[in-house]
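Here the structure is laid out as structure tokens; the discussion comes afterwards.
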Amino acid sequence: MKRWMIPALALLYIAVFILSFSAGRFPVSPVELVKILISRIFPIEADWTRQAESVVFNIRLPRIAVASLIGAGLSLSGLVFQMIFRNPMVSPDVLGTTAGAGFGAAIALLLHLPSPSLPFFAFLFGLLAVFLVWLIGSRVPSNQVLGLILGGIMISAIFESGTSFIKLVADPNDELPAITYFLMGSLAGAGNAELKLIILPMAVSAVPLFLLSWKLNLLSLPEEEAKSLGVNTKAIRAVAIAAASLMTASSVAVAGMIGWVGLVIPHITRMMTGPDSRLTIPSSMLLGAAFLTAVDTAARTVSYQEIPIGILTSFIGAPFFLYLIIREGRRHDS
């Protein structure tokens, strides 16, 4: 077991975390950052400006923390879905969570509801999509995994059609740009309020997955063989799907649709650590957090106008995934 990968990825994340403060219109050096953070714990003499302290605690730290949580959540949910469905091509939107959450956010923007309503609607409709898919899957007891996948395709199509209709009737001068920008995915408005909103569901989702990490390995076995070992595969699958869907819905509610993280990062993680979920779960979270933090830093610094983060993740993720497919095909041919 490559246990050394976990501390190595932890160091990578810490490096990305510190360097992210150094980028932007108001750069904060690593030494200055450490002093400012320590000053909240130990009384030390301030040799930095109030502006630097305000940038750290009111702007950079909340945004970087939100990016880290979303990156870790999307990566872990993608990993869990790939293990459950025994398919490396599965991503967090397989159960319609992303499409449902996007539809809910579009409704909130169309109706000009107060800002706190947007994440609530996105979260509500994301979970509604999962419930509908689960309801469909339960009607196919002979092959529940296939029922869930087909249900996810159908429910995603319905919610995506609903979102398209909302964009069609939206005011092109006001509502439509807001809906389109949100669906692209962005952390431009991420602050302390968004951090408070996302931290609890992410923690509630991650804890059961960590506790079930060794049992998740058994889902790769044939159903009868796993049951013979005394494992209730249906219960484990239900808990894992609920936790992964909660992570995905929370991410979309705060930052919109951010693709490819939950598809590509689990692949990279398995290449580094192997298939053991006791290693892949913490490793994928650390790598996903480092990746999305780095991408968000680029999104707010490479151009005068901030680039939606969903565009960059697609730009990076799609070619890399194509490389993984070609690499896998060559390995099987050799």
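The values are calculated or read from the model by the stated rules, or taken from the named source; none is laboratory data. Keep in mind that what you see is a predicted model, and the values were worked out from it rather than measured. Cβ: placed from backbone, ideal geometry, glycine included. Neighbour counts: every protein chain shown. SASA here: full protein model, heavy atoms, side chains in, ligands and nucleic acids out. Shrake-Rupley method; radii C 1.70, N 1.55, O 1.52, S 1.80 Å.
For the reader, a short list of remarks on this structure follows.
- Residue 261 being crowded, with 20+ Cβ neighbours inside 10 Å and in contact with an Asp or Glu (Cβ under 6 Å, 6 or more places away or on another chain): no
- Extreme residue, farthest from residue 15 (Cα to Cα), among residues of segment 294-329 that are among the polar types (S, T, N, Q) and in a helix (DSSP H, G or I): 314
- Helices (runs of 4 or more DSSP H) enclosed by segment 21-127 - at least 3 residues per element that are within 30 Å of residue 305 (Cα to Cα), touching a residue at least 24 places away in the same chain (Cβ under 8 Å) and among the aliphatic types (A, V, I, L, M): 61-84, 97-110
- Candidates are the residues of segment 15-43 that are in contact with a helix residue (DSSP H, G or I) (Cβ under 9 Å, 6 or more places away or on another chain) and more than 19 Å from residue 301 (Cβ to Cβ); the one that is most open to solvent (accessible area, probe 1.4 Å) is 40.
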